[in-house]
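The values are calculated or read from the model by the stated rules, or taken from the named source; none is laboratory data. Note that the structure is a prediction, hence the values are computed from the model and not measured. Cβ: placed from backbone, ideal geometry, glycine included. Neighbour counts: every protein chain shown. Remember, those area values only see protein heavy atoms, side chains included, never the ligands or the DNA or RNA. Shrake-Rupley method; radii C 1.70, N 1.55, O 1.52, S 1.80 Å.
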Amino acid sequence: VAIDALTVVISPQNTWAKCMTVAQLQKAFSAGGATKWSDIDPSWPAENIKFYYPGADSGTFDYFKEVIIGSVKGSTHRSDGTSSEDDNVLVRGIEGDKNAIGYFGLAYYLGEGKKLKAVEVDGGKGCVAPSFDTALNGTYTPLSRPLFVYTAAAILKEKQAVLGFLDFYLKNTQKLSKEVGYVSLPDALLKTQQDKLAAYLPK
């Protein structure tokens with residue numbers, strides 16, 4: 001129904017971690033990984049990093065764990081940082097501390113943009129900043145992710161309210177996703193989703 005771009009954030013006071021590779025992010029957020037910035041890059045300060053990340057029940061946490069932590073087999077996400085389901089807690093911790101780093105969805109970053117700095121991510125083809133455009137065109141990898149609404153054929157056949165809701169959802173997702181800070185689907189992909197639902201709609 002939309003696209004999100006997980007955003008790695010630092011304090012504006014941090015002048016060194018402007019771009020990080022997937023391997024560097026993996027080293028930063030993995031259990032037993034980096035503890036000082038210099039562990040990630042020897043040219044960075046030998047100062048302790050403070051880590052902030054969403055709670056383990058969060059889809060954002062799951063996706064980051066899958067594409068970043070999981071890039072090295074057998075790795076697990078570190079648990080010695082500050083974990084919170086409340087993005088405000090993460091923002092407050094990061095914004096005033098030059099040695100802090102964290103991540104959450106693009107929508108929340110856009111709402112707090114002046115207090116934080118987004119880290120560009122090098123997924124193998126150079127540094128790319130998170131944005132609507134880079135998430136949509138696929139250059140912001142691997143931290144762009146699709147957002148889903150799940151249902152089943154039996155539900156669509158039996159529950160007209162669910163069918164009506166999803167029809168409304170797909171007719172309005174282009175406009176509403178932008179309003180809440182997500183990236184709207186390309187037209188061709190949206191049509192594919194609408195065609196899936198059309199088979200169940202009254203003729």
Qualifying residue in region 185-198 (condition: surrounded by 17 or more Cβ atoms within 10 Å (Cβ to Cβ), free of Cβ contacts under 8 Å to residues at least 24 places away in the same chain and part of a helix (DSSP H, G or I)) | yes
Ile94 being hydrophobic (A, V, I, L, M, F, W, C), more than 16 Å from the chain's Cα centre (by Cα) and either outside any helix (DSSP H, G or I) or under 15 Å from Leu6 (Cβ atoms) (or both) | yes
Across (1) closer than 23 Å to Gly55 by Cα; (2) in contact with a Pro (Cβ under 9 Å, 6 or more places away or on another chain), Leu136 clears everything bar (1)
In region 63-88, which residues are in a helix (DSSP H, G or I), open to solvent by less than 70 Å² (accessible area, probe 1.4 Å) and not aliphatic (A, V, I, L, M)?
-> Tyr63, Phe64, Gly70, Ser71, Asp87, Asn88
Might you check whether a residue that is open to solvent by less than 60 Å² (accessible area, probe 1.4 Å), part of a helix (DSSP H, G or I) and under 20 Å from Tyr63 (Cα atoms) occurs anywhere in region 110-132?
-> no
Which listed residue is open to solvent by 30 Å² or more (accessible area, probe 1.4 Å), in a loop (DSSP other than H, G, I, E, B) and at pLDDT 95 or above, from Ala46, Ala23 = Ala46
Please determine, by comparing only the residues of region 56-81 that are under 15 Å from Ala31 (Cβ atoms) and of a type in the set (Val, Ile, Thr), which one is nearest to the chain's Cα centre (by Cα).
-> Ile68
Give me a count of the residues in region 145-168 that are more than 30 Å from Gly123 (Cβ to Cβ), outside any loop (DSSP other than H, G, I, E, B) and open to solvent by less than 70 Å² (accessible area, probe 1.4 Å).
-> 9
